[in-house]
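The values are calculated or read from the model by the stated rules, or taken from the named source; none is laboratory data. It should be emphasised that the depicted structure is a prediction, and the values quoted were computed from it without experimental measurement. With ideal geometry, Cβ positions are generated from the backbone for all residues, glycine too; neighbour counts draw on all protein chains shown. Accessible surface is based on the protein model in full, side chains and every heavy atom, while ligands, DNA and RNA are left aside. Shrake-Rupley method; radii C 1.70, N 1.55, O 1.52, S 1.80 Å.
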Amino acid sequence: MNTKKFNRLFILGIFLLITPCIVFAQAKGTKPAPKAPAGKTAKPANTAKPAAAKPEEPVKPQSLYKERKVDPSLAGQKSVAFGELRSGTSGANIDKYMMGYYVARWTVLDNAKDLHKYREELCSDFAAFPDSAKKNFYDVVAKYFKLFAEHKMVYPACRYNMIYALGELNEKAGSAQSPAVPYAGALDDLIMYVESNDKEKDFPDYVRLAALIGIVRHAELGIKSEQQKNKVLSLFLDMFGSKYAVDKKLRKEIYIWFKLKALEAIYFMKTPNGPKKTPEILDALRKIIENKYEDSEVRSLAARSIGNMKLADAKQYDYLALANSIARLALNITDDELKFIGTENLRDQIKGTESPAGGAGMGGGPMGGEMMGGDPMMGGDPMMGGMGAPAMSDQSIEKIRNIIGRIKFDFDSVQTAINGQDGKSGVKSNLNDQQKDIAKLLDDVLHEITELNDFLDNGKKDSTGAAAPAKRASRKGKKGKKTGPEPPKVSIPEIKDYLDEMQIKLKELLNIESN
């Protein structure tokens, strides 16, 4: 599955979640020199040349977070403590080693850069335990991790990584021939963190997110227990509800990310049915794609997940209504992409007017600056020809490619919903012989998407169907060598015009009057 679509949200989410939480207290000031006792005369100043002053040690800021004291002398006690865990002995050595060294290191703010190493060490240690003793090790680690992950005075990166680490543990390591088998004993704890409403414990969104990422990993690699599958599906149904974000105190942009991760898990699980063995999951995804106020990426991934489901398991479902919803989604996507291009265009115009060179005119506004240099978002795209078609910047090329990639992903999700991930098991294949009209509508939508992809890849065509000649920005140097990535064969204004025309065609197919 293509997950590149989520990188922007992922990076933004981590920045929003973790960065604001790393807070330091101001450094303590040095103490003032003591005054001479009352009634005594201070010594006269020494007129001799003073000795060179010893440079003062910089004062380390005092963290507002609680840290466990790490005892380095315990570093060599792993074999003793783990030996007790393997044998099932609950001795004092285990607690001393874990709380004095093994887990304690995670809580030290200065060790934040090494958290990934601690996670790798934990996974390696867990894998080395025999199957019969894995539960002993997990129970001890989870007990201490919960203690710190639920405590608001522990720094955020530690709390996030501790819960994230629980989702990384494997019953069996993966290989080139077979995928890893995640440790099923961790799944109930991960679910608890995502769904808990415990008012006595602190469960910030980044802790819940770490657990959700682990759940998605279990879903991707396979959840064997039917009971655990039902728990996960119930969690997702709750997450798609209107109260989840409010109850869990999730910010809007983070809630979108939660839904994307849940849909990613549903994609891997493939089932249209929920815990009640009715198509609850399919119903929930249909409501998502019908909601025009829902984030476009969420709707696209919902459609893609429908296309990857075993729809044959959804008995007596209203596929006629679902097909109509998916066809309308194609129209909604054109609306969303046109709005996105317009927003990007406005953003670049504002950026241009705020440039150091000044406002409008030749300085930096819509009549000069980036337009004269050929920024494709400004309408003065060098790919349109004219003015000698100056070479495009790599930044402008990347901007067009990102927009093309975004459009292709969204419409490919519609194709997947119609034809299935395998090309033959989607919504269209579940229509009956009396539903030929809606099947024809889906074919027409697929045709429009195919034509769009051809345009994005090859550019405009002339009246004969051949690629229309156009002056394109050169990407070659003096000796014919490439100076950078080749520009796409379409410009942003051309993409906008094409989507405008496609929008009209889709409205005609859906019998919707244009404004």
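The table below lists the values:
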{"item": "Förster-model FRET efficiency, 60 Å R0, ASP95 and LYS496, C-beta, rounded to 0.05", "result": "0.40"}
{"item": "Net lengthening on full extension, LEU147/ASN453 (0.36 nm per residue, minus Cα-Cα)", "result": "104.9 nm"}
{"item": "Spatial extent of segment 208-327: Rg and Dmax, with the Cα atoms as the point set, Å", "result": "13.7, 39"}
{"item": "Share of carbon and sulfur in the accessible heavy-atom surface of segment 181-225 [1.4 Å probe, %]", "result": "45 percent"}
{"item": "Cα gyration tensor shape for segment 61-189, rounded if a/c is under 1.5, else prolate or oblate", "result": "oblate"}
{"item": "Accessible surface of ARG86 - all protein chains present, 1.4 Å probe, nearest 10 Å²", "result": "110 Å²"}
{"item": "Neighbour net charge for ASN273 - beta-carbon separation under 11 angstrom, K R +1, D E -1", "result": "+3"}
{"item": "Normalised per residue, the volume of the convex hull around the Cα set of segment 90-139 (Å³)", "result": "71 Å³"}
{"item": "Peptides ranked, highest mean first, by Cβ atoms within 10 Å: ranges 95-101, 131-137, 240-246", "result": "95-101, 131-137, 240-246"}
{"item": "Across LYS66/LYS134; LYS292/LYS507; LYS261/LYS440; LYS199/LYS243; LYS134/LYS277, pairs whose alpha-carbon gap is larger than 22 Å", "result": "LYS66/LYS134; LYS261/LYS440; LYS134/LYS277"}
{"item": "Estimated distance in nm for a label pair at SER124 and ARG347, the labels positioned 7 Å out from Cα along Cα-to-Cβ", "result": "4.1 nm"}
{"item": "Virtual spin-label span in nm between ARG86 and ALA112, 7 Å along Cα→Cβ", "result": "3.7 nm"}
{"item": "Size of electric dipole in segment 244-339: Cβ of Lys, Arg +1 and of Asp, Glu -1, about Cα centre, debye, nearest 20", "result": "320 debye"}
{"item": "Inter-part distance where segment 100-130 and segment 189-255 are each reduced to a Cα centre, Å", "result": "24 Å"}
{"item": "Heavy-atom accessible area order for VAL80, VAL232, largest first, 1.4 Å probe", "result": "VAL80, VAL232"}
{"item": "ASP318 paired with GLU513, simple spin-label distance in nm, labels 7 Å along Cα-to-beta-carbon", "result": "2.6 nm"}
